[in-house]
1. Mind counting the residues in segment 220-236 that are part of a strand (DSSP E or B) and among the acidic types (Asp, Glu)?
2. With segment 14-78 as the region, which strands (runs of 3 or more DSSP E) entirely inside it contain at least 1 residues that are at pLDDT 90 or above?
3. Quick check on my filter: what residues within segment 185-194 are buried (at least 18 other Cβ atoms within 10 Å of the Cβ) and either closer than 25 Å to Ile148 by Cβ or among the small types (Gly, Ala, Ser) (or both)?
4. Among the residues of segment 247-294, count how many are among the small types (Gly, Ala, Ser) and either at pLDDT below 95 or closer than 23 Å to Ser320 by Cβ (or both).
5. Those residues that are under 30 Å from Leu46 (Cβ atoms) and charged (D, E, K, R), I need them from segment 99-148; list them, please.
6. Would you check which residues across segment 136-185 are in contact with a strand residue (DSSP E or B) (Cβ under 8 Å, 6 or more places away or on another chain) and among the hydroxyl-bearing types (Ser, Thr, Tyr) and list them?
7. Does segment 195-209 contain at least one residue that is under 22 Å from Ile349 (Cβ atoms) and not hydrophobic (A, V, I, L, M, F, W, C)?
8. What residue, among those in segment 265-313 that are of a type in the set (Gly, Ala, Ser) and more than 27 Å from Gly398 (Cα to Cα), is surrounded by the most Cβ atoms within 10 Å (Cβ to Cβ)?
Amino acid sequence: MKKLTISFCFYLIALSVSAQLVATDKYAVYQNFTGVDYLFVFNGILPGTEIRFTGSGDNVKWYRFSDTTTPYSTLPYIFPEDASGYILDVDGHQTSVWVIDYQNYLPVFHTLASDESSDNRCNELTLLLDANVPELYYYTLSGIRRKINRNFTLSYQTLEWDNEWKTVERTKKVTLPVAEITVPAPLCNTQFSLQGDQFVSEPSLSLQPVGIVSSSYTATALECHIKTSTTARTEKNEDERPTSDALSGSAPLEMLFNAEVNNAGTIFYKWDIYKDNQLLVSRSDKEHRYTFTEAGTYNVKLTVNNDFCSSSDSVSISVSTSDLQVPNVFTPNGDGINDEFRVAYKSLISFDARIYNRWGRMVYHWNDPQKGWDGTIGGKKAPVGAYFYVIKAVGADGIKYSKKGDINLLRGREN
């Protein structure tokens, strides 16, 4: 529906005739309605309301749709009536006009309420509308009756997940009259507002807003999302070390799983962790902390329920296979480069390392693969030269490591 210029005067082009029509009172003019050139919508047709032709032409005649042979008026103006069609004939060139008095078609709303008995309310909500919305229509010159859709706007609030819950406005175009309106089930408590129709938004008509607001709706539909937080490690000698938002990495992979659920009544939680389709653990708290110590791929599933609905979400967790590499030299001279004897590793779940001097005396021992030997013995710098290491470890994939060898301590220039 395309609206033309609306003011105290309005210009019409009818075939090759340039016709100027002036109407009194509050009105709007629309075109592109099949079968009629122009649709005049008035906000109340009064006894003095007129449509006047002020263009040029020697022979001006008005006809009614109901009688296209006998002129209704030979004056430049007519006093229009509601639900009536007119033909303006200017020197044999014709333009058709249909007139509507909107005041005769005002909608009356009684109730707008949610259907609490619906079996599908976890997915969609049905609103029951009790209203009297008169049909708007026009006739074409050929006598065909055509309906004009009355488009109203339904608005309400719901929640949207974007790594956190956000309240958003939703709208839906509703063509009345209908007795039921279906929308996706809102995820929060809200009210529904039905306002319109499209003619009410036309400034030149100065129509009062018409519509209805429902009573408060209590959400029952559920939607859940898993939010994860991983214990991060920063030591660079660990390959594939986990970050705080990682879903994969070197073991042990300690993660906190949190259930993010819209507020829809009393919620019951269930966490299931699977590996190779085998259930490993099942818990029922809102938060769930778990440490993955075996290499492989895991499926973490969350299921939530209230008295009416359920929802689920899942994430995939990948734990790396293990690796252990041992250097053969380090230079603890304080230059910040290779100052400690450290292994390069990933996914080790147990670790034991010992350093021996040339006489077989153990000079250092540690069991955290993120740490290493700084080249001191009893707080004093160890002599340069060769030392012997013995390292035993177990990987998250079950691989057992037993490594022995020489490590050369070099200092060079001290910083």
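1. Start the filter on segment 220-236 by keeping residues that are part of a strand (DSSP E or B), which leaves 224-230.
Checking the rest, the ones that are also among the acidic types (Asp, Glu) come to none.
The number of residues fulfilling the criteria is 0.
2. On the way: elements: 17-23, 27-33, 36-42, 51-53, 60-64.
It comes to 27-33, 36-42, 51-53, 60-64.
3. Initial filter on segment 185-194 (buried (at least 18 other Cβ atoms within 10 Å of the Cβ)): 185-188, 190, 192, 194.
Correct list: Ala185, Phe192, Leu194.
4. Total meeting the criteria: 6.
5. Across segment 99-148, the qualifying residues are Asp101, Glu135, Arg145, Arg146, Lys147.
6. Quick first cut of segment 136-185, residues in contact with a strand residue (DSSP E or B) (Cβ under 8 Å, 6 or more places away or on another chain) only: 136-141, 145-161, 163-185.
Those that are in contact with a strand residue (DSSP E or B) (Cβ under 8 Å, 6 or more places away or on another chain) and among the hydroxyl-bearing types (Ser, Thr, Tyr): Tyr137, Tyr138, Tyr139, Thr140, Thr153, Ser155, Tyr156, Thr158, Thr167, Thr171, Thr175, Thr182.
7. Among the residues of segment 195-209, not one is under 22 Å from Ile349 (Cβ atoms) and not hydrophobic (A, V, I, L, M, F, W, C), which makes the answer no.
8. So in segment 265-313, the residues of a type in the set (Gly, Ala, Ser) come out as 265, 282, 284, 295-296, 310-312.
Remaining after also requiring more than 27 Å from Gly398 (Cα to Cα): 265, 284, 310-312.
On the way: Gly265: 13, Ser284: 9, Ser310: 13, Ser311: 20, Ser312: 15.
Across segment 265-313, the extreme among qualifying residues is Ser311.
The values are calculated or read from the model by the stated rules, or taken from the named source; none is laboratory data. Quick caveat: nothing in here was measured; it's all calculated off a predicted structure. Neighbour counts run over all protein chains shown; Cβ positions are idealised from the backbone, glycine included.
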